[in-house]
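What follows is a short report on a single structure.
Since every read-out is calculated from the coordinates, none of them should be taken as a lab result. All figures in this text were calculated on a predicted structure; none of them were measured in a lab. When we count neighbours, we look across all protein chains shown, and the Cβ atoms used for this are built from the backbone with ideal geometry, even at glycine.
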Amino acid sequence: MLNRVLSCIQLELQQTHNILFKSFQIKAGHLSSFARVVPDHFHELIRPAMVLLSARLFGPLNTPVIALAAVIQFIYLASRVHQNVSEADGPATGDPRDGYQFPVLVGDYLYGRFFTSLCDYGLVCYLESLSRVICEMNEGGILRLQNRHQNNPDLVHKIVYKETAALMGTGCGLAARLAGAPEQEQQKLTRYGVNLGMALGLQEYPDLRRDINAHLDKASATLTQLPPGEAREALKLLTQHLRHPEAALELQVV
């Protein structure tokens, strides 16, 4: 289903993945030998796709946009690896990927790749915005750990915003900016990304289905204000996909 929805950016998605996969191979071996880096198919695609489609609304895609899509994924992967680090002294399974030292180093490496990619592709001007997002994501992780046994909907929304929605909103907004969109359109894409990110992050909380749909309603309303075409239609289909409760297990943020 996803491949069909994203057919208008298949080439650029592959180019984005080429940047990522090239960085996964280091002298010591492939990163997947040291940490659980590669996410499921949906999370492998959704963030790069959101960046590419946001820029595609305003014109043809170019190398800097493709690099930005990779940068956003580097940040997501680094955060995900760190979030899944075991607090135990050693891997209970005997697998170094389930331990502490290797996953921490891999997460740090991926954060480094985010920065070097900004330098390599002339995107350093976005460093401040992305650094702020990383701070938000880490704050969200702290809040999650501090309150792991609480079931407070307001706190859940705050954590989901910091851990998931902030990165997606920033990625969409920066993509629009990089594509030359007016400031007002950049703000619309940021709002769209935040609402879709909230809906995505809340998937792991089935009791908050009403809130998920409310964010999807806001995302859909924003889409109607954006330029029509293949990119908007793809974003519309992605938004509709998140409405189905049966997608919750598939789309859990892990």
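The calculated FRET efficiency for residue 183 paired with residue 132, based on their beta-carbon distance and R0 = 22 Å, is about 0.75. Sparse packing (at most 14 other Cβ atoms within 10 Å of the Cβ) combined with a DSSP loop state is found for the following trypsin sites (Lys or Arg not before Pro) in the stretch 98-148: 148. Taken over the chain, lysine pairs spaced eight or more positions apart, or on distinct chains, with alpha carbons under 26 Å apart number 9.
Hydrophobic long helices, here whole DSSP H runs in the chain with Kyte-Doolittle means of at least -0.5 and Cα atoms spread over 20 Å or more along the helix axis, are found at 10-24, 41-56, 63-83, 101-120, 127-146.
In this simple spin-label approximation, residue 244 and residue 154 carry label points 7 Å from Cα along the Cα→Cβ vector, and these lie 3.6 nm apart.
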